Every structure is written in structure tokens, then in C-alpha cells.
1. Work out, step by step, the length gained on full extension between residue 40 and residue 20: first 0.36 nm times the residue separation, then minus their alpha carbon distance; give nm to one decimal.
2. Using 1/(1 + (r/R0)^6) with R0 = 30 angstrom and r between the beta carbons of residue 139 and residue 99, what's the FRET efficiency to the nearest 0.05?
3. Highest mean first, what order results for 153-166, 39-52 on Cβ atoms within 10 Å?
4. Any idea how far apart residue 77 and residue 57 come out in nm if each label point goes 7 Å out from Cα toward Cβ?
5. When you count, for each residue, the other Cβ atoms within 10 Å and take the mean per peptide, how do 88-95, 197-204, 178-185 rank with the highest first?
6. Note the full-extension length gain between residue 90 and residue 47 as 0.36 nm times their separation in residues minus their Cα-Cα distance, in nm to one decimal.
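All of the numbers you see were taken from the coordinates with simple rules; none came from a lab. Only a predicted model underlies this, so the values are computations on that prediction, with no experimental measurement involved. Glycine gets a Cβ as well: all are built from the backbone with ideal geometry, and neighbour counts include every protein chain shown.
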């Protein structure tokens, strides 16, 4: 709820202050730190998860990731207009910009909905570290956006970035989307391996309902 309120304030404020370029800068500040941290964490997941579970609790993990994320976001907010947005713009018709706004809003809603179902402590990741935070036994989530796609947070983020590109016309956001697709392909492999080890046949039955985007289907 607090994040949604923050987004509801900062997004209009960025637009009012800097126009569409402000929204592009905000997209970079939000997503680029996310993918840097996601790449680092999933690269060392097998060693990192036991360490985090032993040394941190869900609240401490959330505070830590938001502090790191926030620090990188501030740095990017300073660099984005002069560095990351140097690639220029394309000229798109008004209908494409309107479509971009709708796509970005829909993608953001999907990602936030999926994040809420998983729990805030996942933040950078898309799988839980601390199962004990749930009163019930942990189980595979197959409701809401997870009933539509196996990686709704990833898909929601992609749609948001695509929509931001169409809306702001900033070519560099396409580069950010490519980075997101590559890192999420890597993260999805780690996530699915982790979930398969923890939930076994339950996750296999859930995952078999969807086409495999990131790996060969296991027969």
C-alpha cells in the first residue's frame, strides 16, 4: 500500500516537473537498480539464500534491499538525463502514446498484484526466502496473475517498460527492455529450479500448464 501511494505521488510529480522525459528518467531509476540487484542475487542464490535466511528476518531483508535500491535509484536519477537518455527519441503517433500509457498502467498493475500475493519481502527476487512468515504451510501460488502466466512480475515489468517507451518515445528504454529480458531469462531459470526443489510435483504440475519461455520443457 505504501509503495502504491508513493508511486501515485512520484509519477505525476515527475511528469509535472520534467514532462515525458521525467517519466523516462523515473523508469530508469526504478528498473535499472532492480535488474542489477536481481542479477547479483540470482548469480549467488545457492549460497546467498541460506545465509540470508540465517542472518536476516523478512523485515530486515526488505529494509536492506530498499536501501540499496534507493541509493542506486538516486544515482540514476542524477545520471539519467545527461547519460542514459542521450540516445534520442523516435516520433510516434498520438495513438501509440495513448496505447503506451495503457500498456504501462496494465503492466504495473500486474506486477504489483503479483508482488502483493508473494509478499513484500521478495522485492528484488520473485521467490520467497522466508517461508516462515506465512501462517499456513508454503505452497505454490496459482491464483490471480499467476493463473495467467508463470512469471507475472517479469511480464508486468516488460509491459511497463514497453509502455514507457511508447509513451515517452525514448529509444534508451528499448535498451533497458532488452537488458530486462536477458536478466529475467537468467533469473527465471534460477527461480524455477528453486521452486522445483522446494515444491516438487506441485510446482511441476503448475508449470506444465504453460509454454516454456526460458528453458526446454522437461519430459
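1. Full-extension gain reported as 4.1 nm.
2. That pair, residue 139 with residue 99, gives E of 0.20.
3. 153-166, 39-52
4. Taking the two extended label points, one gets 3.0 nm.
5. Working: 88-95: 10.0, 197-204: 13.1, 178-185: 16.1.
With the highest mean Cβ count within 10 Å placed first, the list reads 178-185, 197-204, 88-95.
6. Between residue 90 and residue 47, full extension yields an extra 11.1 nm.
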